[in-house]
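No value in this document is a laboratory result; all are computed from the given coordinates. Computed from a predicted structure; not experimentally measured. Using ideal geometry, Cβ is built from the backbone for each residue, glycine included, and neighbour counts are taken over all protein chains shown.
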Amino acid sequence: MALVTPFAADLEIDFDALSRVIDFVIKGGVEYVVTLGTTGETPTLSREEKIELINFTYEQVNGRVPVVVGVGGSNTEEVIKDLEKFP
């Protein structure tokens, strides 16, 4: 299930709301979650926000289901640099 990225009124990522979304979909029986998928907000996020989202998602999921991370972009070198930040 592709996760939306909720935003607060100040346009910052609403991690409390994301936590509730993650718990809700896992309790609902999803087989896996997708962060940074094609839900529309990915092009508007900074590199730092994407890293925060990935790390938060893994922490919140806590091994309950697999996590799929959407990666891509129009600059292959930048995508590779981003991927090198994760084990």
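The table below lists the values:
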| quantity | calculated |
| --- | --- |
| Spin-label pair N62/A2, simplified geometry with 7 Å Cα→Cβ offset, distance in nm | 2.8 nm |
| Only Lys, Arg (+1) and Asp, Glu (-1) charged, at Cβ; the chain dipole about Cα centre in debye | 340 debye |
| Mean Cα-pair separation over length for the chain, i.e. relative contact order, pairs under 8 Å, 6 or more apart, % | 30 percent |
| Calculated from backbone phi, Karplus (6.51, -1.76, 1.60) coupling profile of region 70-82 in Hz, x at Gly/Pro | x, 10, x, x, 8, 10, 4, 4, 5, 4, 5, 4, 4 |
| Using a Förster distance of 25 Å, the FRET efficiency for D16-V79 (Cβ separation, nearest 0.05) | 0.25 |
